[in-house]
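Heads up, the thing below is written out as structure tokens.
The values are calculated or read from the model by the stated rules, or taken from the named source; none is laboratory data. Because the structure is a prediction, the values reported are computed rather than measured. Here the Cβ is made from the backbone with ideal geometry for all residues, glycine too, and neighbour counts use every protein chain on show. In case anyone asks, the SASA skips ligands and DNA or RNA and just uses the protein heavy atoms, side chains included. Shrake-Rupley method; radii C 1.70, N 1.55, O 1.52, S 1.80 Å.
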Amino acid sequence: MKAIGRHIILEMWGCQNLESVQTAEQALREMVAALDVTLLDLHVYPFSPVGVTGMAIVSESHLAIHTWPEHGYAAVDIFTCGAPRDPQGAVDVLRRHYAPERVGAMEINRGQLDLPQYEVSSEGTREHRPRSRPRAPVLSA
């Protein structure tokens with residue numbers, strides 16, 4: 001299965017340090033190093049009354065952390081393109097910084113090159129219609 005990118009979505013429950021801007025920034029920097037990707041920009045924002053969102057823009061796509069301290073929950077995206085990267089090092093970084101009791105992971109192959117193409121009919125159902133080339137989206141005002 002060929003794909004342009006790999007998107008790992010992590011659900012972390014029972015976490016610590018979810019209100020810390022410093023923890024999110026350090027975790028993102030260490031994830032960049034663990035994945036051996038090229039950091040372009042990094043921002044972390046606190047929210048009121050609680051929570052943090054952090055984003056590392058990397059040449060290979062992005063890493064993101066969103067926290068909900070009131071639920072002990074963090075949502076993390078690890079999206080990389082180009083050479084395959086083992087996400088385990090980044091997961092280890094998150095475990096060290098947030099000490100989650102439970103981690104769930106989903107993986108999506110982005111830009112999968114060998115999938116059949118689908119169109120949505122006017123009735124809203126999906127129909128398999130092989131096409132020779134992608135069509136531009138139709139936008140309405």
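Report the calculated FRET efficiency for residue 19 and residue 77 (r = Cβ-Cβ distance, R0 = 22 Å), to the nearest 0.05.
It comes to 0.65.
In nm, give the distance between the simple-model label positions of residue 86 and residue 70, each being 7 Å from the Cα along the Cα-to-Cβ direction.
With each label point 7 Å from Cα toward Cβ, the separation is 4.0 nm.
Which ³J(HN,Hα) values, rounded to whole Hz and listed in residue order, are derived for region 63-68 from phi using the Karplus coefficients 6.51, -1.76 and 1.60 in 6.51 cos²θ - 1.76 cosθ + 1.60 with θ = phi - 60°, glycine and proline given as x?
10, 9, 10, 10, 10, 10
Show 98, 73, 45 ordered by accessible area, largest first, where the area counts protein heavy atoms only and the probe is 1.4 Å.
45, 73, 98
In sequence order, what are the phi-derived ³J(HN,Hα) couplings for region 24-33 according to the Karplus relation 6.51 cos²θ - 1.76 cosθ + 1.60 with θ = phi - 60°, rounded to whole Hz, with x for glycine and proline?
Those phi angles translate into 4, 5, 5, 4, 4, 5, 6, 5, 4, 5 Hz.
Name the residues whose placed amide hydrogens come within less than 5 Å of the amide hydrogen of residue 58, ignoring near sequence neighbours (fewer than 5 apart) on the same chain.
Amide H to amide H, under 5 Å and 5 or more residues apart or across chains, residue 58 pairs with 40, 63.
For region 37-45, what does the Karplus curve 6.51 cos²θ - 1.76 cosθ + 1.60, with θ = phi - 60°, yield as ³J(HN,Hα) per residue in whole Hz, taken in order and with x for Gly and Pro?
Per residue, the Karplus-derived 3J(HN,Hα) values read 10, 9, 6, 9, 7, 8, 9, 10, 10 Hz.
What percentage of the solvent-accessible surface of region 1-117, computed with a 1.4 Å probe over protein heavy atoms, is contributed by carbon and sulfur atoms?
52
Full extension from residue 53 to residue 101: what is 0.36 nm times the residue separation minus their Cα-Cα distance, to one decimal in nm?
15.2 nm
What spacing in nm lies between the two simple spin-label points modelled at residue 36 and residue 112, each 7 Å away from Cα in the Cβ direction?
2.7
Over region 1-123, average the accessible area per residue using a 1.4 Å probe and give it in Å², no decimals.
56
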